[in-house]
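The values are calculated or read from the model by the stated rules, or taken from the named source; none is laboratory data. Being a predicted model, the structure only gives us computed values, none of them experimental. Note: ideal-geometry Cβ built from the backbone for every residue, glycine included; neighbour counts use all protein chains shown. The accessibility values were calculated without ligands, DNA or RNA, using every heavy atom of the protein model including side chains. Shrake-Rupley method; radii C 1.70, N 1.55, O 1.52, S 1.80 Å.
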Amino acid sequence: MKLCVTTPIYYINGDPHIGHAYASIAADILARFGRLDGLDVHFSTGTDEHGVKVARSAESAGIDVVEFSNTMSQKFRDMSDKINMSYDDFVRTTEKRHETACQALWRMIEKDIYVSNYSGWYSARDEEYVNESDVVDGRAPSGAPVEWMEEESYFFKLSDYQDKLLDWYEKNPDFILPASRRNEVISFVKSGLKDLSISRSRFSWGIPIPELNGHVMYVWIDALTNYITSLGFPDPASANKVSEMMKNCVHIVGKEILRFHAVYWPAFLMSAGLPLPKRIYAHGWWTSEKQKMSKSVGNVVDPHEIIDTYGLDQVRYFLFREVKFGEDGDFSRAAIEKRVSFDLANDLGNLVQRVLALIQKIGGHVVVNYDFSDVERKLFENSRSLIDRIRPLMERQELHASLGIVWELIAESNKFVNDMRPWELAKSDVNKLHKVLTALCESIRAIGFGLAPFMPDTSRKIFDFINVDGKLFSEMKTNFVDQDFREPFTLFPKDN
Ligand code: MSP
């Protein structure tokens, strides 16, 4: 079974911030879950380097655009590494392989392309033309300023795809998630699709259109193609991979670029005769301390700074526990501090610490015993079934609910320790004590696996304490054997 996961490729006109890190970590969680579940995963990310916006940013910085792109793209690569992203590929749209892919795709959709003249209002920030009726006081609906443009342009017959797209949404009800977003897209398509201008002749920072001097591709057709560039398109040797991975592909995108992914991209793919992705998941936006992140307000959250302050797994946890994935959220230092101290240090950290400290106290050795009574059996069963309970949620990108289920098991395990009072059993009933500890080893292992996609470093520490390999969920089907356990150390030291 295959799984392809993608992040949006990021514009390089500004530094990476927590919003970019968020989309990337979400995709990373899905990719890691897939690998742990034994799937063949392809996980790609990258940078979107062409277009008028980037060309102007380089110009105003007084730097050659190629040099500018190299420096800025590297910053996104650094961010990806900082957040411990397990990407298989990082696509830069300025790479030769990507030019080849875009030009090949162009040829495959050429039957739906015609030339005409375009004049209209263009928003460089959104990289799209805006309807005359949507322009208010010189601004697009997004608030970005617009400018008048007139150029000869190539058009894609998007209008021909209206019915085909509606039909696709109907036959594939989970193509767009969350469901509320799906309805938005359907009403947009129902309101009528206009043909899409897909070339630019007024500037040259883009991918040349095959055999057409002076035209470059519209940056969105260029950007969307990155997903198949990464799969080896158009090399015939990769055709099978492209097709199998696309059918099992989950595109994680911000809500503001859903339309490009759920309308334009499927139309291009249909035109090219390529398979459509399985899912477009639109996530929400973060504000910072209740305001839109902006340089002028000075509230842009730098992923490096926040990770150095609170710790990587702490930040990864916070982003997916604090706010339901799909909805908007507010990033605040007070909120993250609260989560770290209650959920991580208290609930999770204490559970692991107290169980392992107790094991040390009795000599570091557990005599494994699965001859459970009902109480231990309940914890054992809830532990063994953890991933089966999470999987259907992960398949719908319900990251928040998945973490919630892990925390239920943490709470149940803490309660089990309180109820069973193993420190007393150490004196009164050693046989029972070892059954209790066996059940707790099971629950800690399950918790380690449940956390692994979200908090890979923490999960690794937990696995190391209890001698678990931790590479595949299937390991949870095996019983523990008698063994010695290591001395624990604090999972979440206070000074981190
Ligand atoms: N280059 C295009 C995407 C092309 S994909 C084929 C683009 N880039 S972007 O850098 O402007 O934004 C990319 C994504 O970053 C957003 O869709 C979203 O996933 C994420 N975020 C950027 N700012 C964000 C927040 N403030 N909050 C949450 N995520 C946001 O659009």
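So the values come out like this:
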{"read-out": "Antiparallel bridge percentage (DSSP; both residues within the chain; nearest 5)", "value": "50 percent"}
{"read-out": "Paramagnetic reach from K494 (point 7 Å along Cα→Cβ, amide N under 14 Å) across the stretch 340-354", "value": "341-342, 345-346"}
{"read-out": "Where Cα atoms sit under 25 Å apart: lysine pairs in the stretch 283-428 separated by 8 or more or lying on different chains", "value": "11"}
{"read-out": "Cβ-placed point charges (K, R +1; D, E -1), dipole of the stretch 2-284 about Cα centre in debye, nearest 20", "value": "780 debye"}
{"read-out": "Efficiency of FRET from Cβ geometry, R139 and K194, R₀ 22 Å, rounded to 0.05", "value": "0.60"}
{"read-out": "In degrees, nearest ten, helix 374-384 long axis to first principal axis of the chain (Cα)", "value": "30 degrees"}
{"read-out": "Zone residues, the stretch 321-338, relative to D15, backbone N less than 20 Å from point 7 Å out along Cα-to-Cβ", "value": "331-333"}
{"read-out": "Cα-centre dipole for the chain with unit charges at Cβ (Lys and Arg positive, Asp and Glu negative), debye to 20", "value": "1080 debye"}
{"read-out": "Euclidean distance of C-alpha centroids, the stretch 288-350 and the stretch 34-84, integer Å", "value": "23 Å"}
{"read-out": "Å² per residue, accessible surface of the chain at 1.4 Å", "value": "42 Å²"}
{"read-out": "0 to 90° range, to nearest 10: angle between helix 399-420 axis and the chain longest Cα axis", "value": "10 degrees"}
{"read-out": "Partners for K82 among lysines (Cα-Cα distance below 20 Å; same-chain residues under 8 apart left out)", "value": "K461"}
{"read-out": "Three-way shape label, the stretch 334-484, alpha-carbon gyration tensor, a/c 1.5", "value": "prolate"}
{"read-out": "Helix 52-61 vs. the chain, principal-axis angle (Cα, 0 to 90°, nearest 10)", "value": "80 degrees"}
{"read-out": "Tensor-based shape of the stretch 2-284 (alpha-carbon gyration tensor, a/c under 1.5 rounded, otherwise prolate or oblate)", "value": "rounded"}
{"read-out": "Gyration tensor verdict on the stretch 203-283 (Cα atoms; rounded if a/c is under 1.5, prolate if a/b is larger than b/c, oblate otherwise)", "value": "oblate"}
{"read-out": "Spatially proximal lysines relative to K194 (Cα-Cα < 18 Å; intrachain offsets below 8 disregarded)", "value": "K111, K157, K164"}
{"read-out": "Difference of contour (0.36 nm per residue) and Cα-Cα distance, R421 to V297", "value": "39.4 nm"}
{"read-out": "Whole-percent carbon and sulfur share, accessible surface of the chain, 1.4 Å", "value": "50 percent"}
{"read-out": "Kirkwood Rh, angstrom, the chain [1 / mean 1/r, Cα pairs]", "value": "24.7 Å"}
{"read-out": "FRET efficiency, 1/(1 + (r/R0)^6) with R0 30 Å, evaluated for K338 and V375 via beta carbons", "value": "0.40"}
{"read-out": "Length released on extending from V367 to E305, taking residue separation times 0.36 nm less the Cα-Cα span", "value": "17.8 nm"}
